[in-house]
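Trainee: Can you read through this structure? Questions will come right after.
The values are calculated or read from the model by the stated rules, or taken from the named source; none is laboratory data. Given the structure is predicted, the values throughout are model-derived calculations rather than measurements. Every residue, glycine among them, receives a Cβ derived from its backbone with ideal geometry; neighbour counts consider all protein chains shown.
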Amino acid sequence: MTELSTEQLLYLLYTFAYSQERTVTKGTVKSYLSKKDCQNTVEICDSLCNLNLIESPKRGRISITEMGIKILIINLQKTEYKFTSIKGPKILNALIYCLKLASKYSQTEQNVENKDMDFETFVEKFKKLYLEERQRQELQGVVAIRSQEICQKFLENYHISEPQLEKYFEQLKSNDLVFAVRENNKELIQWVE
């Protein structure tokens with residue numbers, strides 16, 4: 001998670017607050033910052049661009065990225081900064097809107113954290129899913145379990161990241177728990193009993 005300096009936080013907040021049709025001029029952002037906070041606006045803007053928190057779709061105009069909004073909200077939840085002057089209702093409206101978005105990004109953060117699964121749990125859940133799929137296919141008369149399809153079902157049913165799933169699936173094959181064969185550019189698997 002990116003920790004923003006107070007100056008970066010304010011620059012990002014004012015960019016968010018004063019954007020019209022998703023963009024704002026650098027001059028507009030600078031004009032709303034206090035004299036103390038706008039001494040290094042060029043460097044602050046460049047640093048935020050390098051972090052991909054803002055972008056410049058048109059010359060002289062900037063906009064906040066989706067990642068920028070997320071980082072702004074996370075940093076706003078931790079900041080101790082206190083506004084000492086009123087610069088207009090837009091900044092307060094932006095803060096209120098950010099607080100509404102906070103729950104969305106908090107849930108996203110929790111979902112990412114919940115996607116860690118140990119290998120033993122993975123083996124247990126994957127085998128259960130495999131056996132259910134095999135039983136379903138046996139009722140239809142033909143059993144051909146494709147690794148891509150069963151991995152997709154696993155992603156849909158359980159909290160695990162895709163790279164973690166791929167790693168564990170390769171581990172299943174290397175530990176000889178699953179036998180895999182390629183047929184017509186599709187990988188078919190069979191659980192080794």
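Trainee: Tell me, yes or no, whether segment 2-22 has at least one residue that is in contact with a helix residue (DSSP H, G or I) (Cβ under 9 Å, 6 or more places away or on another chain) and basic (Lys, Arg).
Mentor: Among the residues of segment 2-22, not one is in contact with a helix residue (DSSP H, G or I) (Cβ under 9 Å, 6 or more places away or on another chain) and basic (Lys, Arg), which makes the answer no.
Trainee: Next question, about the same structure. Yes or no: Glu3 loosely packed, with under 12 Cβ neighbours inside 10 Å and either among the β-branched types (Val, Ile, Thr) or closer than 23 Å to Lys82 by Cβ (or both)? Before you say what the answer is, go through the steps one by one.
Mentor: Values: loosely packed, with under 12 Cβ neighbours inside 10 Å: yes; either among the β-branched types (Val, Ile, Thr) or closer than 23 Å to Lys82 by Cβ (or both): yes.
Considered against the rule, which asks whether it is loosely packed, with under 12 Cβ neighbours inside 10 Å and either among the β-branched types (Val, Ile, Thr) or closer than 23 Å to Lys82 by Cβ (or both), Glu3 comes out as yes.
Trainee: Tally time: how many residues in segment 1-32 are farther than 21 Å from Arg59 by Cα and assigned to a loop (DSSP other than H, G, I, E, B)?
Mentor: 5
Trainee: May I pose another question? Please determine whether any residue of segment 50-67 is buried (at least 17 other Cβ atoms within 10 Å of the Cβ), in a helix (DSSP H, G or I) and in the same structural domain as Tyr97 (by TED's automatic domain parsing).
Mentor: Scanning segment 50-67, I find no residue that is buried (at least 17 other Cβ atoms within 10 Å of the Cβ), in a helix (DSSP H, G or I) and in the same structural domain as Tyr97 (by TED's automatic domain parsing), so the answer is no.
Trainee: May I pose another question? Could you please let me know if Asn114 is farther than 30 Å from Glu156 by Cα and either among the aromatic types (Phe, Trp, Tyr) or at pLDDT below 90 (or both)? Walk me through how you get there before you give the answer.
Mentor: Numbers: farther than 30 Å from Glu156 by Cα: no; either among the aromatic types (Phe, Trp, Tyr) or at pLDDT below 90 (or both): yes.
No, not satisfied.
Trainee: Looking at Thr25, Thr41 in this structure, which one is closer than 21 Å to Glu3 by Cβ, more than 22 Å from the chain's Cα centre (by Cα) and either of a type in the set (Ser, Thr, Tyr) or at pLDDT 90 or above (or both)?
Mentor: On the way: Thr25 fails: closer than 21 Å to Glu3 by Cβ.
It is Thr41.
Trainee: Would you confirm, using the coordinates I've provided, whether Tyr168 is hydroxyl-bearing (Ser, Thr, Tyr) and either under 30 Å from Ile74 (Cβ atoms) or not in a helix (DSSP H, G or I) (or both)? Outline the logic, then answer.
Mentor: Details: hydroxyl-bearing (Ser, Thr, Tyr): yes; either under 30 Å from Ile74 (Cβ atoms) or not in a helix (DSSP H, G or I) (or both): yes.
Spelling it out, Tyr168 is indeed hydroxyl-bearing (Ser, Thr, Tyr) and either under 30 Å from Ile74 (Cβ atoms) or not in a helix (DSSP H, G or I) (or both).
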